[in-house]
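Participant: The structure that follows is given in the form of structure tokens.
Where a number appears in this text, it was derived from the coordinates with a stated rule and is not lab data. What you see is a predicted model, and the numbers here were worked out from it, not measured in a lab. Glycine gets a Cβ as well: all are built from the backbone with ideal geometry, and neighbour counts include every protein chain shown.
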Amino acid sequence: MRTFHAMSRRRVLGAGLAATVAAPLLGCATGSGGPSIGRVVVIGGGFGGATAARYLRQWGNVDVTLVERNDSFVSCPISNLVLGGHRSIADITVPYSGLTALGVKRIQGEAVAIDAQARQVRLADGRSLPYDRLVLSPGIDFMLEQVGGLTPAAQEKILHSWKAGAQTVALRRQLEAMRDGGVYALTIPKSPYRCPPGPYERAAMVASYLKQHKPRSKVLVLDANPDIQSKKGLFERAYAEHYKGIIEYRANNDLKSVDVATNTAKLEFDDVRADVLNVVPPQRGGDLARATGLLNMNARWAGVNWLTMESTAVPRIHVLGDTVMSAPGMPKSGHMANQHGKVAAAAIIQLLKGEPINATPVMANTCYSYVTATEAMHVTSVHQYDVAEKTLKPVPGGGVSAASSAAEGRFAWSWARNIWADTLAA
């Protein structure tokens, strides 16, 4: 059984974990006695879906079924530590047993279609699941058509490792097999994209491994954006202090295609050949969201009512996490998906009971980034619902680390363990 150590009150508030969203919703808590108030199917057991499943059971007597293809939760945040050799994949893997203990019914399988009119989810094995409300948290999928040569077959060699799990382990093995004096090249798409695992942290973690074990090697960061998109000054300082001569950052390098045979990234103005080529493709909302007609924002992201997380395209479907069209200043992070899940759970309970929505959400976010095996830094933000504009807007209360430090590294690991426990009732 995994043990999670409690953080001090100051650290919990500093991390923005749970308290901001949970406080106005506690009036929804009804316990688990009595008849069920409705059936909710949750598709996707990541930060958003697992959180929603947990709090639907904890705050209300809801019949909850979670559909998730994997047998355990693997965290995208912190997964770059696996690439650096500082943690194992087991360290960032958490079982779903805590949700089962709460009464969440779990189906390990694949949801392949949603019939919104009949209110049914069809599974790959042919079964159908009826619902009163549906929670969809499918994460991201890739726009492979925007990168020439990046076929499904090519992805067996040129990895993205942007969905933590098997590809994280596979990329680590590629790095271990790389020659000393070789080149690891990371391509970053134009934003927006899923934030964790975090490309600039990834560069640092790979560099930390190479510095120790293959010191003649290089890390090339080929960024389609005009500059570092998060914690810019802190990453620049960390690269200069810890990885001078190892990390080379190149902005405005938009990837056009790849040559799989030669491991070459063909950029707008240059070609780069690498020993290990790590291509992170452009992203959009998950395939199931697209097939259901939920991606109504630039045909890429799902619009939602921020009071309930209900889709603005299809009624009775609540969309969470990276698939959602972000509000101003809101990152596509695991912590934010956790907050989405709590807002959705509270609203769904009220809707199933026929009660008016009585909360205006406030969501907090924390993102930690490691720059060495032990040092990290963070950025936090607070987002409050604006009644006039019907969206969440950033408000004072966030901030960025003054510098990376070992203390922040300890806080980052505590944050991870605590948000896993909050999400999965672990």
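Participant: Taking neighbour Cβ counts within 10 Å as the exposure measure, how do Ser369, Ser97, Ser333 sort from fewest upward? Don't skip to the answer; put the middle values down first.
Facilitator: On the way: Ser369 29, Ser97 15, Ser333 24.
Least to most surrounded, the residues fall as Ser97, Ser333, Ser369.
Participant: Here is a further query. Of the trypsin sites (Lys or Arg not before Pro) in region 54-147, which ones lie in a loop per DSSP and count no more than 16 other C-beta atoms within 10 Å?
Facilitator: Of the trypsin sites (Lys or Arg not before Pro), the ones in loops of region 54-147 whose Cβ has at most 16 other Cβ atoms within 10 Å are Arg69, Arg127.
Participant: In region 240-301, which chymotrypsin sites (Phe, Trp or Tyr not before Pro) fall in coil by DSSP and have 15 or fewer other Cβ atoms within 10 Å?
Facilitator: Details: sites: Tyr243, Tyr249, Phe269, Trp301; in loops: Tyr243, Phe269.
Of the chymotrypsin sites (Phe, Trp or Tyr not before Pro), the ones in loops of region 240-301 whose Cβ has at most 15 other Cβ atoms within 10 Å are Phe269.
Participant: Counting only complete DSSP H runs, which helices of the chain cover 24 Å or more along their long axis at the Cα atoms and score a mean Kyte-Doolittle of 0.0 or above?
Facilitator: On the way: long enough: 334-352 (27 Å, 0.53); 406-424 (27 Å, -0.21).
Helices meeting the criterion: 334-352.
Participant: Take peptides 252-259, 383-390 and line them up by average Cβ neighbours within 10 Å, highest first, as a rough protection proxy.
Facilitator: Working: 252-259: 17.9, 383-390: 13.6.
Result, highest mean Cβ count within 10 Å first: 252-259, 383-390.
Participant: With springs only between Cα atoms under 10 Å, which of Thr308, Thr292, Thr372 fluctuates most in a Gaussian network model of the chain?
Facilitator: Comparing Thr308, Thr292, Thr372 in the GNM, the peak value goes to Thr292.
Participant: A further question follows. Tell me, what ³J(HN,Hα) does each residue in region 286-291 have, in order and in whole Hz, if you take phi through Karplus 6.51 cos²θ - 1.76 cosθ + 1.60 with θ = phi - 60° and put x for Gly and Pro?
Facilitator: x, 4, 5, 5, 5, 5
Participant: Next up: For every other residue with a beta carbon closer than 12 angstrom to the beta carbon of Gln120, add +1 if it is Lys or Arg and -1 if Asp or Glu, then tell me the sum. Write out the running numbers ahead of the final one.
Facilitator: Values: positive: Arg39, Arg119, Arg122, Arg127, Arg316; negative: Asp115, Asp132.
Charge balance near Gln120 sits at +3.
Participant: Let me ask another. Which distance in Å, rounded to a whole number, links the C-alpha centroids of region 265-332 and region 385-419?
Facilitator: Centre-to-centre (Cα) distance: 22 Å.
Participant: Tell me which residues come under 5 Å, amide H to amide H, from Val112 once H is placed; ignore anything under 5 positions away on its chain.
Facilitator: Arg122, Leu123, Ala124
Participant: Then there's this: Name the long-range amide H neighbours of Leu392: under 5 Å, sequence gap of 5 or more, or other chain; modelled H, no Pro or chain starts.
Facilitator: Sorted by chain and number, the residues that satisfy this are Asp386.
Participant: Pull up all non-local amide H partners of Ile247: gap of 5 or more, or a different chain, and H-to-H distance under 5 Å with H placed in the peptide plane.
Facilitator: Val219
Participant: Would region 73-161 count as rounded, prolate or oblate if I go by the C-alpha gyration tensor, calling it rounded below 1.5 in a/c and otherwise prolate when a/b exceeds b/c, oblate otherwise? Kindly include the intermediate steps, with their values, before the conclusion.
Facilitator: Numbers: a/c = 2.81, a/b = 1.28, b/c = 2.20.
Since a/c reaches 1.5 but b/c is at least a/b, the shape of region 73-161 is classed as oblate.
Participant: Taking only DSSP H segments of four or more residues, each worth -39500 (n - 2.57), what value at 222 nm results for the chain once the sum is divided by all its residues, to the nearest 500 deg cm²/dmol? Present the calculation step by step, with values, prior to reporting the outcome.
Facilitator: Numbers: 11 runs with 114 residues, N = 426.
It comes out at -8000 deg cm²/dmol, rounded to the nearest 500.
Participant: Could I ask something else about it? Given +1 on the Cβ of Lys and Arg, -1 on the Cβ of Asp and Glu, and no further charges, what dipole in debye does the chain carry about its Cα centre, rounded to the nearest 20? It would help to have the intermediate numbers written out before the result.
Facilitator: Details: 46 positive and 34 negative charges, 144 e Å.
Result for the chain is approximately 700 debye, rounded to the nearest 20.
Participant: So between Ile89 and Asn70, what do we pick up on full extension, going 0.36 nm a residue minus the alpha carbon distance? Could you put the intermediate results ahead of the total?
Facilitator: Values: separation 19, 0.36 × 19 = 6.84 nm, distance 1.42 nm.
Between Ile89 and Asn70, full extension yields an extra 5.4 nm.
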